[in-house]
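Worksheet for the structure shown next.
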Amino acid sequence: MPIDRMSSSRVGGYGHSFAEKHQRTPDSMPQGASASSSSSWKTIETLKSLPTDFPTSKFGQSHVDKPIGLLQRKIELQDKGYSTKNVDNAYKESMNDLYQATAKGQSSSSNEVDRNRLTNWSDRVLETNKDVPFLK
């Protein structure tokens, strides 16, 4: 599966570089993957699918790159038996930012299609992360 190279003009910080360099798919998941790791892979797949399932003029792949990169880092740390506390906190913050941005986009968009698609984005973010308290 080819990796989409990110434009240097996109904003995203840590998530971009990590997601770009360490792109994985659930097919490469280790045999002994934990339930938490499996859940993280499902969340990654959901986040990856948002821009294609619900394309909108306001949001694209760059908006989900940071949480994807952080989840991939978490899986890597878990596989090595390291603490994921810092990554977990950064992930929760990135998901809060994503959710808040979609909520703002819903309320400020003049385009009804974008509003509906952004509602789907926020619903998926909430559903996928129902066990992760990320809202502030």
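Here, each number is a calculation from the coordinates, and none is a lab measurement. Computed from a predicted model, the values in this text were never measured in an experiment. Cβ placement follows ideal geometry from the backbone for every residue including glycine, while neighbour counts extend to all protein chains displayed.
For the peptides 60-73, 77-90, residues were scored by their other Cβ atoms within 10 Å and the scores averaged per peptide; the highest-first order is 60-73, 77-90. Whole-Hz Karplus values for the stretch 128-133 come out as 5, 10, 4, 9, 10, x Hz, taken residue by residue from phi with 6.51 cos²θ - 1.76 cosθ + 1.60 and θ = phi - 60°; glycine and proline positions read x. Packing here is the average count of other Cβ atoms within 10 Å per residue, and on that basis the peptides 126-134, 100-108, highest first, run 100-108, 126-134.
In the stretch 49-135, one over the average inverse separation of all distinct C-alpha pairs is 13.6 Å, which is the Kirkwood hydrodynamic radius.
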